[in-house]
Amino acid sequence: MAVDERLVQSIVREVVQKMQCSGGVSGMHGVFKDMNQCIAAAKEAEKEVRILPMDRREKIISIIRRKIRENAETLARMGVEETGMGNVGDKILKHHLVADKCPGTEDIYTTAWSGDRGLTLTELGPFGVIGSITPCTNPSETVLCNVIGMLAAGNTVVFNPHPKAVKTSLFAMNLCNEASIEGGGPDNIACACEKPTLETSEIMMKHPDISLLVATGGPGVVTAVLSSGKRGIGAGAGNPPALVDETADIAHAAECIVNGCTFDNNLPCIAEKEVVCVESVADELMHYMVNEQGCYLANESEQQALIKRVIDEKGAPKRDCVGKSAKVLLQYIGVNVPDNIRCITFFGKKENPLISTELMMPILGVVRAKDFDDAVEQSVWLEHGNRHSAHIHSKNVDRITTYARAIDTAIVVKNGPSYTSLGFGGEGFNTFTIASRTGEGLTSASTFAKRRRCVMIDSLCIR
Ligand code: NAD
């Protein structure tokens, strides 16, 4: 039987790397005690990944996809257990979405111009080692999506995961390294510290071997990355409004909005966080939300109790409430409801902190607007200039266009639940890194690649 030369090389490489990377934490690929060791190991792996044939990269990605499917439930359970946020069923769906719809090497396209003076190509080349900071709200989904896209473009990556989600993030990262080894690539295509902190992230942001930074999280981390002096992709916070006008199918709007809002207990940054509804149909919308979509209508004193319980003195959502179900949040304020209650609602002004704050909880205040123009104005205010996501339920295409232009977000979903924008029940690819602040929008492999022009003069044009 002929010996597969590549396989032998990959085994040798693995053994040598294990010996070289003395900082490696046993049992987990890519995990080190120190950030400098992480970067050195990812840099070493990058020398091979950069020249790895596209079909080899794709093979590794297909193994990552298989491992995600095989481990979807484990990853989902681990995420909920470690962070105390979200729900297992929806997290399983999110992992299948990554496995099925996160683009690989097919996204590394070439642009060509040919003519009298020859042929010019723009090819997508790797940046090198990417530094990626990931959130606790999608702890494994973000890691997996980023590795698929970054590897497809020929990069390796060093992660600084959220300290509250390290176990889950490292488990996901380990799967990617195992896939690389299994597919004939190097170990350490993705690395991270055993104990990531703000200090390790600081080292990463300043390190000369990190050529691109990607931050997925709240405003603090995006600002930190954009102030680093390196090129940065900033996937920041949102507070997506769902606008409903009088032309919409109101029952359908209520169903879409509540489905989107309650998905993974409202953790996704794209999820409906409040509703702005034209006055003439506001009561009808509330009727459907409460009577057909499992919303609990909170009275004034319950709203005040919720404000106290879920928002801290600085106006930020309290960590122990983020990603909890409506039933649990209501229990926190002494209200017991049946299991079919999946969302909390009420009418309120846009300034109500339960409405204006990005809570990441299934709490969906409804703001009345006197007409469509007023609804647009209030929605734009509520989005806070994040330029992230916005949703609209209307049958009037001119109004939809007006809204999309005015709110100027990376995502605008029309007449559907927010998660359709992630490819779940909607067209298009999936990602969990939506570059709102820096404008790349939904990231994919090509986002993590450099544009490189390749010119041949007076040849190779055969027209
Ligand atoms: P977070 O901002 O608390 O943490 C995100 C990551 O940034 C963590 O790894 C954290 O340790 C790190 N971090 C925070 N401040 C930092 C600083 N000053 N310097 C360096 N690192 C820092 O966010 P989270 O609670 O984990 O996630 C929820 C937030 O992320 C929400 O605001 C949500 O909208 C946003 N989010 C955005 C996207 C997107 O694609 N745009 C995706 C998921 C989450």
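For the chain, the antiparallel share of DSSP beta bridges with both residues in that region comes to about 30%. Ordering 323, 347, 286 by the projection of their Cα atoms onto the charge dipole of the range 241-427, which places +1 on the Cβ of Lys and Arg and -1 on the Cβ of Asp and Glu, puts 323 at the extreme positive end. Calculated on the Cα set of the range 241-427, radius of gyration then Dmax: 15.1, 46 Å. For the chain, dividing the convex hull volume of the Cα atoms by the residue count gives 170 Å³ per residue. Atom-type composition of the exposed protein surface of the range 241-427 places 48 percent of the accessible area on carbon and sulfur (1.4 angstrom probe). Simple spin-label estimate for residue 463 and residue 249 gives 4.7 nm between the two label positions (7 Å along the Cα-to-Cβ direction from each Cα). At most 15 other Cβ atoms within 10 Å and a DSSP loop assignment: could you name the GluC sites (Glu not before Pro) in the range 201-299 that fit? Counting only loop positions with at most 15 other Cβ atoms within 10 Å, the GluC sites (Glu not before Pro) in the range 201-299 are 292. Applying a DSSP loop filter and a limit of 14 other Cβ atoms within 10 Å to the trypsin sites (Lys or Arg not before Pro) in the range 92-129 leaves 117.
Think of the range 241-427 as a dipole: +1 on every Lys or Arg Cβ, -1 on every Asp or Glu Cβ, centred on the Cα centre; then among 424, 337, 299, 337 lies furthest on the positive end. For the range 241-427, the Cβ-based charge dipole about the Cα centre amounts to some 600 debye (Lys, Arg positive; Asp, Glu negative; other atoms uncharged).
Among the trypsin sites (Lys or Arg not before Pro) found in the range 326-430, those both in a DSSP coil and sparsely packed, with 12 or fewer other Cβ atoms within 10 Å of their Cβ, are 349, 370. With both partners inside the range 241-427, how many of the DSSP beta bridges are antiparallel, as a percent to the nearest 5? Taking every DSSP beta bridge within the range 241-427, about 5 percent pair in antiparallel fashion.
Using only the Cα atoms of the range 20-107, build the gyration tensor, take square roots of its eigenvalues as a ≥ b ≥ c, and label the shape rounded, prolate or oblate: rounded if a/c is under 1.5, else prolate if a/b is larger than b/c, else oblate. It is oblate, given that a/c is not under 1.5 and a/b is not larger than b/c. For the range 397-463, the solvent-accessible area of protein heavy atoms averages 54 Å² per residue (probe radius 1.4 Å; ligands and nucleic acids excluded).
On the range 24-100, 51 percent of the accessible area sits on carbon and sulfur atoms, based on a 1.4 Å probe. Most simply put, the range 318-463 has about 20% antiparallel DSSP beta bridges, counting only bridges with both residues inside it.
Electrostatic bookkeeping for residue 418 treats Lys and Arg as +1 and Asp and Glu as -1; over the other residues with beta carbon under 10 Å from its beta carbon, the sum is 0. Per-peptide packing, taken as the mean over residues of other Cβ atoms within 10 Å, places 205-211, 307-313 in the sequence 205-211, 307-313 from highest down.
The values are calculated or read from the model by the stated rules, or taken from the named source; none is laboratory data. Just so it is clear, the structure is predicted and the values come from calculations on it, not from any experiment. So basically every Cβ, Gly included, is an ideal-geometry build from the backbone, and we count neighbours across all protein chains shown. Each accessible area value is taken on the protein alone, full model and side chains, heavy atoms only, with ligands, DNA and RNA left out. Shrake-Rupley method; radii C 1.70, N 1.55, O 1.52, S 1.80 Å.
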